[in-house]
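None of the figures in this text is laboratory data; all of them are computed from the coordinates on show. These numbers were taken from a predicted model, which means no experiment stands behind them. Here the Cβ positions follow ideal geometry from the backbone for every residue, glycine too, while neighbour counts run over all protein chains shown.
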């Protein structure tokens with residue numbers, strides 16, 4: 001059974017764009033979201049002098065893609081911990097891309113070298129697998145040696161951390177599709193509806209065959225879809241840029257899942273031209289997205 005969670009967000013500076021402290025009921029962890037410009041102003045937060053794991057979030061200058069660096073910092077004898085590590089990163093040219101940091105530590109100062117090494121490794125693996133962000137770490141962090149008991153405890157910490165970091169606005173640990181990359185069919189009762197575009201292209205003289213799933217975030221064109229490689233003059237400029245940057249092989253096969261906010265942009269991405277996604281995307285039974293939305297509205301009973 002899915003149970004609700006109580007999360008407390010404390011706006012340290014009294015505004016949502018400032019520093020935020022995040023705690024969760026019945027959890028010894030604590031998270032801080034700190035804009036880069038406020039790092040030096042956070043010296044009075046004593047929990048940031050402890051050991052912890054941190055995320056540096058930003059965007060690339062050339063492609064505007066979301067990036068993250070995941071690191072750890074141990075407490076030092078001079079009472080400097082994870083916050084001091086963030087200050088060091090501000091002075092590093094190689095890490096000038098980040099604009100915000102999210103730090104995880106504990107209220108009871110229970111993290112040692114073993115714990116933060118394990119957490120850093122697991123966070124890195126999850127972020128790399130979900131592919132929401134470009135992970136800037138050069139090497140996979142070492143996992144360290146943990147007992148079965150400690151691993152179970154840390155996995156519980158990770159479960160809470162995933163909730164917290166998502167609440168803070170980063171979907172770094174959330175897969176684009178709830179059922180991942182294994183089962184790509186629509187299961188009974190699933191909220192993710194599978195749609196198709198199948199047609200012969202006059203432009204490229206090739207057969208277009210794409211799959212798309214509607215999710216709570218929008219429309220995900222699935223890896224393995226065959227798209228039209230030729231752009232029409234009518235293609236939206238934004239979609240043309242997305243097609244240029246997407247991972248597509250020489251045969252027009254998409255090598256990654258791509259999320260779009262609208263069905264029309266998803267269809268335009270596949271067809272290489274302006275398109276009405278509500279009529280282009282169809283279920284295996286041949287019903288369009290427009291048909292399904294109409295049926296849903298007609299089926300509602302007002303009491």
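Okay, here's what the table says:
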| read-out | value |
| --- | --- |
| Proxy reagent accessibility, fewest Cβ within 10 Å first, across 88, 285 | 285, 88 |
| Alpha-carbon gyration tensor eigenvalues x 5, square-rooted, for the stretch 140-290, Å | 35, 18, 14 |
| Exposure proxy order (Cβ contacts within 10 Å, fewest to most) of 212, 22 | 22, 212 |
| Sequence of 96, 228, 44 once ranked by neighbouring C-beta atoms within 10 Å, starting from the fewest | 44, 96, 228 |
| In Å, descending, principal axis extents of the Cα set of the stretch 13-56 | 30, 22, 21 |
| The chain: most fluctuating residue of 150, 136, 171 per GNM, C-alpha cutoff 10 Å | 150 |
| Percent of Cα-Cα distances greater than 22 Å, calculated over the stretch 28-146 | 31 |
| Most mobile of 72, 122, 255 in a GNM of the chain (Cα contacts under 10 Å) | 255 |
| Helix-only CD estimate at 222 nm, as mean residue ellipticity for the chain, using -39500 (n - 2.57) per DSSP H run (n ≥ 4) | -8000 deg cm²/dmol |
| GNM result for the chain, Cα springs below 10 Å: residue of 202, 43, 282 fluctuating most strongly | 202 |
| Cα-derived Rg to Rh of the stretch 201-273, Kirkwood definition | 0.93 |
| Convex hull volume per residue in cubic angstrom - Cα atoms of the chain | 190 |
| C-alpha center-to-center spacing [the stretch 66-119, the stretch 200-230] in angstrom | 41 |
